[in-house]
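See structure below.
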Amino acid sequence: MFKGLFQTRSKAKNNIVMDTNGLDMSNIPRHIAIIMDGNGRWAKAQGKVRTYGHQAGAETLKTIVRAADKLGVKVISAYAFSTENWKRPVTEVNFIMELLSRYLTNEIDEFNENNVQVRFIGSREGLPDIVKQKMDHAIEATKNNTGIILNLAINYGGQAEILHAVRSIAAEAAAGTLDVEQIDNKVVESHLYTAGLPAPDLLIRPGGDLRISNFLLWQIAYAEIWTTKVFWPEFTPDHLVEAILAYQGRERRFGGLVDKK
Ligand code: IPE
Ligand code: IPE
Ligand code: MG
């Protein structure tokens with residue numbers, strides 16, 4: 001059991017302060033998935049435009065990745081833009097694309113300083129060339145980092161991901177390189193964007209809505225879900241600790257029985 005106030009300083013402005021009182025440091029979720037929701041409503045509540053919320057949300061992600069790393073989390077999957085978010089006004093979509101591109105440029109040094117490895121899940125189809133270039137650059141520039149993995153979901157949809165996997169599995173079967181009888185969970189998982197990553201242990205949704213919104217449909221089969229009404233831009237390391245504390249209070253049974261007597 002780790003008790004007390006946990007504080008780190010990389011740069012003065014980057015102080016991570018969180019109260020880890022009561023946390024069991026031997027039972028930290030390995031992989032946390034976050035549906036970063038509520039940016040627009042948070043901005044509106046401040047009398048600002050929705051895009052201001054996206055800007056603030058990007059700052060929150062930086063803080064939460066550092067906090068998660070300090071706690072020993074190995075992977076953060078963060079939902080930044082869904083396959084359904086293209087339905088939004090073109091000005092908002094363009095702003096988000098520019099924000100992503102800027103984020104991926106400006107944060108490289110910080111990722112490297114903090115040993116963060118960046119990966120992406122989602123379809124590249126329809127993404128602006130500049131965003132795809134920045135994604136490639138971020139992958140390349142951080143590929144040797146051995147700390148926390150920041151798995152950014154951009155143009156991601158769980159159904160699209162499963163469709164993509166089904167198509168490639170079917171193509172292999174049709175080409176005769178894969179026997180239909182051999183298709184099992186492992187084969188499906190190896191065709192998902194998350195191939196090689198453990199399944200999320202904990203799914204966090206800020207913003208007050210109680211739904212999955214097409215995030216990691218296959219992978220969250222046994223994830224523990226934690227939600228809060230707090231909007232993503234106001235989500236702090238203490239909320240992360242609160243979510244992990246709740247997770248540590250759950251009994252994960254995976255369909256079995258804990259008490260097998
Ligand atoms: C999440 O915040 C970010 C994206 C979906 C890109 P929203 O933009 O959905 O904010 P709300 O839910 O409308 O408040
Ligand atoms: C989920 O939020 C997608 C992201 C956070 C990127 P949405 O705001 O798109 O979800 P819905 O529309 O409320 O289900
Ligand atoms: Mg939303």
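The values are calculated or read from the model by the stated rules, or taken from the named source; none is laboratory data. Everything numeric in this text was worked out from a predicted model, so none of it was measured. Cβ placement follows ideal geometry from the backbone for every residue including glycine, while neighbour counts extend to all protein chains displayed.
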(request) May I ask you to list the residues in the range 30-45 that are away from ligand 3 (no atom under 12 Å from the Cβ) and β-branched (Val, Ile, Thr)? (result) Ile32, Ile34
(request) Only strands (runs of 3 or more DSSP E) wholly contained in the range 146-247 count here; list those with 3 or more residues that are within 30 Å of Gln46 (Cβ to Cβ) and of a type in the set (A, V, I, L, M). (result) 149-156, 202-205
(request) Scan (1) of a type in the set (Val, Ile, Thr); (2) free of Cβ contacts under 8 Å to residues at least 24 places away in the same chain; (3) over 14 Å from Ala33 (Cβ atoms) for the single condition Val230 breaks and write down its number. (result) (2)
(request) Starting from residues that are in contact with a Leu (Cβ under 9 Å, 6 or more places away or on another chain) and near ligand 1 (Cβ under 10 Å from one of its atoms), keep the ones in the range 79-99 and report whichever is nearest to Phe215 (Cα to Cα). (result) Tyr79
(message) If a residue counts only when it is more than 16 Å from ligand 1 (Cβ to nearest atom), at pLDDT 90 or above and surrounded by 16 or more Cβ atoms within 10 Å (Cβ to Cβ), which strands (runs of 3 or more DSSP E) contained entirely in the range 1-46 have at least 1 such residues?
(response) 16-19, 31-35
